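Derivation of every value follows stated rules applied to the coordinates shown; laboratory data play no part. A quick note: this is a predicted structure, and the numbers were derived from the prediction, not measured. Cβ placement follows ideal geometry from the backbone for every residue including glycine, while neighbour counts extend to all protein chains displayed.
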Amino acid sequence: MKHRVLIETELNGPTISRHIYGHFAEHLGRCIYDGLWVGEDSPIPNVRGWRSDLVEALKRLRIPNLRWPGGCFADTYHWRDGIGPKSERPGIVNVYWGGTVENNHVGTHEFLDLCEQIGAEPYIAGNVGSGTVREMAEWLEYLTMPGDSPMARLRRQNGREEPWNIRLWGIGNENWGCGGSMRPQYYADLYRQFQTYCRNFTPGKSLYKVACGLTDEWNDILMREAHRFMDGLSIHYYTVPGAWAAKGSATQFEVPDWQLTLQKGANIEQFIIRTDHIMNRYDPQKRIGIVMDEWGTWFDVEPGTNPGFLYQQNTIRDALVAGLTLNILNNHSDRVQVANIAQTVNVLQAVALTEGSRMLRTPTYHVFEMYQVHQDAKLLPTHVLSETYVPERDMQGTSGANGSVNRLWQIKQISVSASLDSCGNTHLTLCNLHHDQPAEVSIEVRGQTVSRGKGRILTAPAMNSMNTFDNPDTVVPQDFEVSGRDNAIVAELPARSVAVLRLS
Ligand code: AHR
């Protein structure tokens, strides 16, 4: 079948917030320590402890925001233990992730230095589960107070004169589970209390306060009780092909696993739509954003690695999940304001992996690099006429914190999103989800005359092709050009491919 994509340029779409392209770096496994952070004395080139090859790679992604310090770790973290001379900082037991004892050498100043090095806005998750209102309020005073105050003085003693620019602020993380095992009514009250004392002390600046959501019932109660005090509602969606006990291998899989993974990945859309319906009851103007601040694939750890470190390889299948998810997030940017893939380095669906002094960019990295054209561009609505690739079916296994989805929606072979940037360029991103069939896609643009498309395409010889430390460039994008006549361009997409095109 010939697939058809119609792009509407005359309908008014929302802006795709660049913050949909956010990342997440938790104190988990080798994401921070022995990943991004090697320490000032490491033989691996670094700037003030942060690994230079990774900083360079991340800068190229134009990461809009970086979420830290967790995750589950956030509700165990006490910020005062991570400031001052490193030799005097107490350690912390990372109870959720392998029980390792960390030395707290990466704290507030170090994390914010990383954000400055890569050009990302910080997105900090404060501790509600085991912290106090005072502790969170003082952290904000420490971070944002320009004048004289006890916390501003302490910050200056520790070497930072000016306050930092802090806007994105999470009030807890998964407080229904690792963040305190709370009930929704209780968390809603705590959220109201904590947020009352969360201030940005820099004149003219305010906080974007994020409350922790879960599934329909929780979200309904939280919105009812606290929507007036919220800017964002955090929800998480992980793509787990199997069950929690046996999630499936990241690299050894067959066609049914490929299809199930993509179908579960696509179901993030069902979760967004359901959450949006609930939010519409209290916020029909869509002032409050969905903050999908954890998403991505979650497979069994690589054999021989610490099960608590969540280290997994990354194949072209992950690239397809990334391309598909980002298309869905773009297409729902009327409600989705922030999103963060989990996690940046060496954990879950990472964009980079490290081994000693070696570093590789994963297929997922290349998708983020290609899709950055959509950041802050205007969404152009699209219609897709495409064959069903996998039919609707009952859910098998579970998919983590995913909105209690019971039924998997059918997925089409082609997924797209399109946008118009501030220079007047129209960009289209396309995925051919099929494991072995190419797709001929006819692209029509209503309201614009176009005859060609220029961009790049990411594909790979096998379903499980990946980049390794010995062969880091097996899966890398190639130039891609397409043309046509009479305002219909034809793109020949190879099986299992992700493409970006600028149309003209
Ligand atoms: O990303 C790994 C973990 O998944 C996070 O710490 C937690 O928030 C979620 O359950």
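Of 2/378; 59/286; 209/286, which sit over 20 Å apart, Cα to Cα? Provide the component values of the computation, followed by the final result.
Working: 2/378 28 Å; 59/286 31 Å; 209/286 15 Å.
The answer is 2/378; 59/286.
Restricting attention to the chain, give the cysteines that have no other cysteine Cβ less than 4.7 angstrom from their Cβ.
That list is 31, 115, 198, 212, 423, 431.
Hey, if you drop one equal point scatterer on each alpha-carbon of segment 17-375 and run the Debye formula without solvent, what base-10 log of I(q)/I(0) do you get at q = 0.07, 0.11 Å⁻¹?
So the normalised log intensities work out to -0.28, -0.71.
Once you put a point 7 Å from the Cα of residue 162 and another 7 Å from the Cα of residue 87, both along the Cβ direction, what distance in nm separates them?
3.1 nm
Based on the alpha-carbon gyration tensor of segment 141-254 and its eigenvalue square roots a ≥ b ≥ c, which shape applies: rounded if a/c is under 1.5, prolate if not and a/b is larger than b/c, or oblate?
Working: a/c = 2.93, a/b = 1.64, b/c = 1.78.
The shape class here is oblate.
Using alpha carbons only, how many angstrom separate the centre of segment 48-89 from the centre of segment 207-253?
A separation of 23 Å, based on Cα centres.
If the cut-off is 29 Å between C-alpha atoms, which lysines fall inside it for residue 247, apart from same-chain ones fewer than 8 positions away?
264, 412
Scan around residue 380 for amide H atoms under 5 Å from its own, H built in the peptide plane at 1.01 Å from N, and keep only partners 5 or more places away or cross-chain.
Amide H neighbours of residue 380, under 5 Å, 5+ apart: 418, 419, 420.
So what is the relative contact order for segment 19-108, in percent, with contacts set as C-alpha pairs under 8 Å and at least six apart?
Numbers: 118 pairs, mean separation 24.3, N = 90.
Computed over segment 19-108, the figure is 27 percent.
What does the helix-only formula give at 222 nm for the chain: each DSSP H stretch with n ≥ 4 adding -39500 (n - 2.57), the total divided by the residues, and the result rounded to the nearest 500 deg cm²/dmol? Walk me through the numbers on the way to the answer.
Numbers: 10 runs with 115 residues, N = 504.
Counting only the DSSP helices, I get -7000 deg cm²/dmol.
Using the Cα centre of the chain as the reference point, and only Cβ charges (+1 on K/R, -1 on D/E), how large is the resulting charge dipole? Debye, rounded to the nearest 20.
Working: 47 positive and 56 negative charges, 186 e Å.
Charge dipole of the chain: 900 debye, to the nearest 20.
For segment 173-215, build the convex hull from the C-alpha positions and give me its volume per residue in Å³.
Working: hull volume 3.2 nm³, N = 43.
Each residue corresponds to 74 Å³ of Cα convex hull volume.
Label-point separation (nm) for residue 302 and residue 224, each offset 7 Å from Cα along Cα-to-Cβ?
The two pseudo-label positions are separated by 4.8 nm.
Which of 270, 206, 152 sits farthest toward the positive end of the charge dipole of the chain, with +1 on the Cβ of Lys and Arg and -1 on the Cβ of Asp and Glu?
Positive-most Cα among the choices belongs to 206.
Say each of residue 395 and residue 483 gets a label point 7 Å from the Cα, pointing the same way as Cα to Cβ; how far apart are those two points in nm?
With each label placed 7 Å out from Cα toward Cβ, I get 4.9 nm.
Go from 0 up to the bin containing the longest alpha carbon distance in segment 138-180, width 10 Å each, and give me the % of pairs per bin.
Whole-percent P(r) values from 0 Å outward: 28, 36, 23, 13.
Within 10 Å, count the other beta carbons around each residue, average over each peptide in 83-93, 166-176, and list them highest first. If you can, show how the numbers build up before the last one.
Working: 83-93: 13.2, 166-176: 24.8.
Peptide ranking by packing, descending: 166-176, 83-93.
Two decimals is fine: what is log10 I(q)/I(0) at q = 0.13, 0.17, 0.18, 0.19 Å⁻¹ for segment 383-503, from a Debye sum with one equal scatterer on every Cα and no solvent?
-0.66, -0.97, -1.03, -1.08
Mind checking Rg over Rh on segment 211-282, alpha carbons, Kirkwood formula for Rh? Numbers along the way, then the final one.
Working: Rg = 15.7 Å, Rh = 14.0 Å.
Taking Rg over the Kirkwood Rh, I get 1.12.
Determine by what factor the alpha-carbon radius of gyration of segment 97-143 differs from 2.2 N^0.38 Å, reporting the quotient.
Values: Rg = 12.7 Å, N = 47, 2.2 N^0.38 = 9.5 Å.
Rg over 2.2 N^0.38 Å, computed on Cα atoms: 1.34.
Please name whichever of 409, 249, 301 sits farthest to the positive end of the charge dipole of the chain, dipole taken about the Cα centre and charges placed at Cβ: Lys and Arg +1, Asp and Glu -1.
Of the options given, the answer is 409.
Determine the gain in length on full extension of the stretch residue 385-residue 406; use 0.36 nm per residue of separation and subtract their C-alpha separation, reporting nm with one decimal. Intermediate values should be presented prior to the final figure.
Working: separation 21, 0.36 × 21 = 7.56 nm, distance 2.59 nm.
Extra length from residue 385 to residue 406 when fully extended: 5.0 nm.
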